[in-house]
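Some notes on the structure that comes next.
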Amino acid sequence: MRSALNRIPTSFACARYIQGAAGLLFVMACLSAGCAFFDTGPAVSPGLRKDIVSIALQYKGTPYRWQGSTASGFDCSGFVRFVFRKAGIEIPRTSKRQYNAGDAVDRSDLKRGDLVFFARWGWLKFFLPPSHVGIYIGANRFVHAPSPGQTVRVDCLAGKYWSARYKGGRNLF
């Protein structure tokens, strides 16, 4: 009696052998040299996220200053860039560029150190670029430099004003 393998046409058996060998070579190449297909991006330590939040909170009370990006005064995107730079991470200067640089994060998946973006007119938030940015600090709160005459402070995402204008979250790591 012939085995089942002997009854398979030769071309099919060869094709299966070649397919298996090619798959094995692919896996070996990926394991030895790295493979973008399996790359999930750099791992971000919780310590780095904690550092970003800690740095940001140190500047509570700093006055808002139009186009400010130093400890003497910040606008929203200048504040975010300043904090990230202190943590050793270079990011773009404007909220629009910061929004475009990051990976989208669902509101329910925000982690400390992610950025949260807002649009000036809530009803146009899907069409307009962001006009404001802050740093998520956990527990549905964020720290930001709100507007002229105010200082860096912590606000709640669930508040009526911010919730209506929320455009999205981004991970810049």
Check: Do you know which residues across the range 125-151 are free of Cβ contacts under 8 Å to residues at least 40 places away in the same chain and surrounded by 11 or more Cβ atoms within 10 Å (Cβ to Cβ)?
Finding: LEU128, PRO129, PRO130, SER131, TYR136, ASN140, ARG141, PHE142
Next item on the list: State whether one or more residues within the range 97-113 are among the β-branched types (Val, Ile, Thr) and surrounded by fewer than 19 Cβ atoms within 10 Å (Cβ to Cβ).
Entry: yes
Margin query: With the structure loaded, tell me whether VAL105 is at pLDDT 95 or above, among the aliphatic types (A, V, I, L, M) and within 20 Å of the chain's Cα centre (by Cα) or whether it fails that test.
Written below: yes
Next item on the list: Being surrounded by fewer than 17 Cβ atoms within 10 Å (Cβ to Cβ) and in a loop (DSSP other than H, G, I, E, B) is the filter here, so list the residues in the range 152-169 that pass it.
Entry: ALA158, GLY159
Notebook entry, point to check: Scanning for something within 17 Å of TYR59 (Cα to Cα) and basic (Lys, Arg), does the range 76-84 turn up at least one residue?
Noted result: yes
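The values are calculated or read from the model by the stated rules, or taken from the named source; none is laboratory data. In this text the structure is predicted, and so the values were computed from the model without any measurement. Neighbour counts are summed over all protein chains in view; Cβ atoms, including those assigned to glycine, are modelled from backbone coordinates with ideal geometry.
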